[in-house]
Each structure stands twice: as C-alpha cells, then as structure tokens.
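> Got a structure for you, questions after.
No lab work stands behind these numbers, since they all come straight from the coordinates. Note that the coordinates shown come from a computational prediction; the quantities given were computed from them, not determined experimentally. Every residue, glycine among them, receives a Cβ derived from its backbone with ideal geometry; neighbour counts consider all protein chains shown.
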Amino acid sequence: MDKRIAIVIGGSRGIGAAVVRLAASEGYCVLFSFASRADDAVALEQAVASAGGEAYGVQADAANEAELTALFDRAATLGRISALVYSAGITGTASSLADASADTLRRVIDVNLVGSMLAAREAVRRMSTARDGQGGAIVFISSRAAKLGSAGEYIWYAASKGGVDSLAIGLSKEVGGEGIRVNCVSPGPVETDMLSAERLAIGASRVPMQRVGQPEEIAQAVLYLLSDAASYVTGANLAVSGGA
C-alpha cells in the first residue's frame, strides 16, 4: 500500500499513452482506462513492463459513472491514489455548429466535460486530507481550442474544453486546503490519430513554431505538474502549443 498510484483516464493511445509510459518510468503504478481498443491497452502494458514499470489497463467509458467508480475502487486496492490525469477526449465529425447533430454535441460534452467532473469527484473523495486521504494532484488535458474557438470545425469540442478550464479553476480553489493541487495542460495540435494528416498540416501552419507537438512533449508538462517541483502550482493552465 506504499505504492503511488496514478490514474490516467483515456490512457491507451496518444497523449494518454505517453503520460502512462512517462509516469511509470518515474515510479508510479499506473491504472489507465481505455474505451474499446483492448489490443492497444495490452501493447501498452507490455511496453511499460518491458521498460521495468507497472501499468494496467481497465476498460471503462469515461462518461459512465459506475465504470469510473469501479476503476477508482480497483486502484485503491493497489496503493495510495496520488495522481489523476484526465486525458479522455473526442471531437465528433468536423462541421459548422449548424450542421452538427444533437447526439454529437451530447456525447462530446459527456466524455470531455462530464467525465472530467466525475473522475475528479472520485479522486477528491480518495485524496482529500479532509476525507482521510493523503493529498495528491489532478491534471486535466484541455486544449488551446478553448481559447481559439474552433470555428467551422469543432465549436462543441472547444466549448467542452472551456468547461474543463473552468472546472480546474474552481476545483483548485475548492480543494487547495485539502492537500490537492489541480491544473490543466492545454496542447495545440499534436500528432495523434485524433487528427488526419491533412488537419495536422493545417495545424502546423498556424503554429509560430511551424510544427505540431508530440505526445511525449505534452506528457513532460503533465508529469511536471504532478511532481513536487510544482508543489506551489495550482489553478494553472499550461499552454504546450508551440506559441499558438
């Protein structure tokens, strides 16, 4: 029970998988969720184990309260939950808002924002020193889209991430005296399978550094915010976006 447990919601691919690998390399026992791609989760578990780390995948819908709660309960049997990274996120099909379906809007908000709140709630219940916890850190993966708006593409995605930004601000104030730090990382365009090659090229052209980011660059920022090096940092939103 002395193990430090990090929970990564949406951890089997992209930024989440990079966070899992880096957190495991820094001594965390990582429990990560995946929505459907079990093969990716198994491959990640094996890669972490080959590098001398410890990570376990659990299938869970990021917007499903019962599945998230069960994941946290399992994590608590492995050691002390000291870190939560919420990396689950979807965009839906690109379009103007006028052409978007209600199902797309609801699902994106459910996964990106409601799931963030549910996971954070479960983390606080277990970490808070006011509830017999030992403190910890929460990092939400937000997006520069929250500031830029994603007009003509994913306004609903940008709106969901704006909600995540507000969640982090409010929660950091609510639990700052209970041993929990809460921060955001806001990436610009990142080379993952969320974006097509064409959209990545467009994203790179809009970035002052003239390139997209790599998942490992985002993971480094996340692990900084989880670490003791950021012991006086809460309520912050760190843009990792090449200047965009």
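> How much of the pair distance distribution for region 4-240 lies past 30 Å, counting alpha-carbon pairs only, in percent?
When every Cα pair of region 4-240 is considered, 19 percent fall beyond 30 Å.
> Can you bin region 1-46 into rounded, prolate or oblate? Criterion: square roots of the alpha carbon gyration tensor eigenvalues sorted a ≥ b ≥ c, rounded for a/c under 1.5, prolate for a/b above b/c, oblate for the rest.
prolate
> In region 134-154, which residues have a backbone nitrogen under 20 Å from the label point lying 7 Å from residue 202's Cα in the Cα-to-Cβ direction?
143-154
> Going by amide H atoms built from the backbone, whose H comes under 5 Å of the H on residue 213, apart from near neighbours?
Here the answer is 190, 191, since their amide H atoms fall under 5 Å of that of residue 213.
> How large is the dipole of region 1-159 about the Cα centre if only Lys and Arg carry +1 and Asp and Glu carry -1, each at its Cβ, rounded to the nearest 20 debye?
Computed charge dipole of region 1-159: roughly 420 debye.
> Build a GNM of the chain with springs between Cα atoms under 10 Å: which of 30, 42, 190 gets the top mean-square fluctuation?
Its mean-square fluctuation being the largest, the pick is 42.
> Toward the positive end of the charge dipole of the chain, about the Cα centre and with charges on Cβ (Lys, Arg +1; Asp, Glu -1), which of 47, 170, 192 goes farthest?
170
> So what is the 222 nm mean residue ellipticity for the chain from helices alone, if each DSSP H run of at least 4 adds -39500 (n - 2.57) and you divide by all residues, rounding to the nearest 500 deg cm²/dmol? Intermediate values should be presented prior to the final figure.
Values: 9 runs with 106 residues, N = 244.
Roughly -13500 deg cm²/dmol at 222 nm, from the helical runs in the chain.
> Let me ask you something else. Fully extended, how many nm does the chain gain between residue 51 and residue 99 (0.36 nm per residue separation, minus their Cα-Cα distance)?
12.7 nm
> Relative to the longest principal Cα axis of the chain, at what angle does helix 65-78 sit, 0 to 90 degrees, rounded to 10?
Once rounded, one gets 40 degrees.
> Right, another one. Going highest first, how would you order 9-17, 78-86, 105-113 by mean Cβ packing within 10 Å?
Details: 9-17: 26.3, 78-86: 23.1, 105-113: 19.3.
Highest mean packing first, the order is 9-17, 78-86, 105-113.
> With everything on Cα atoms, drop me the angle between helix 115-127 and the longest principal axis of the chain, reported from 0 to 90° to the nearest 10.
The answer is roughly 20 degrees.
> Also, I was wondering about something else. Cβ under 15 Å from residue 193's Cβ, residue 193 left aside: what net charge do those residues give with Lys, Arg +1 and Asp, Glu -1?
Residues near residue 193 contribute -1 overall.
> Moving on. Given a Förster distance of 30 Å, report the FRET efficiency between residue 25 and residue 69 from their Cβ-Cβ distance, rounded to the nearest 0.05.
Working: r = 28 Å, r/R0 = 0.94.
Efficiency, rounded to the nearest 0.05: 0.60.
> Another question, if that's okay. Amide H to amide H under 5 Å from residue 59: which residues, 5+ apart in sequence or cross-chain, H placed 1.01 Å off N in plane?
The list, which skips near neighbours in sequence, is 34.
> Moving on to the next point. May I ask you to list the GluC sites (Glu not before Pro) in region 124-226 that are in a DSSP loop and have at most 11 other Cβ atoms within 10 Å of their Cβ?
none
> In addition: Taking Cα pairs under 8 Å and at least six residues apart, what relative contact order does region 1-123 come out at, in percent? All intermediate terms of the calculation are to be shown ahead of the outcome.
On the way: 207 pairs, mean separation 37.1, N = 123.
Relative CO of region 1-123 lands at 30 percent.
> Under 18 Å between alpha carbons, and skipping anything fewer than 8 positions from residue 173 in its own chain: which aspartates and glutamates qualify?
Straight-line reach from residue 173, under 18 Å: 122, 165.
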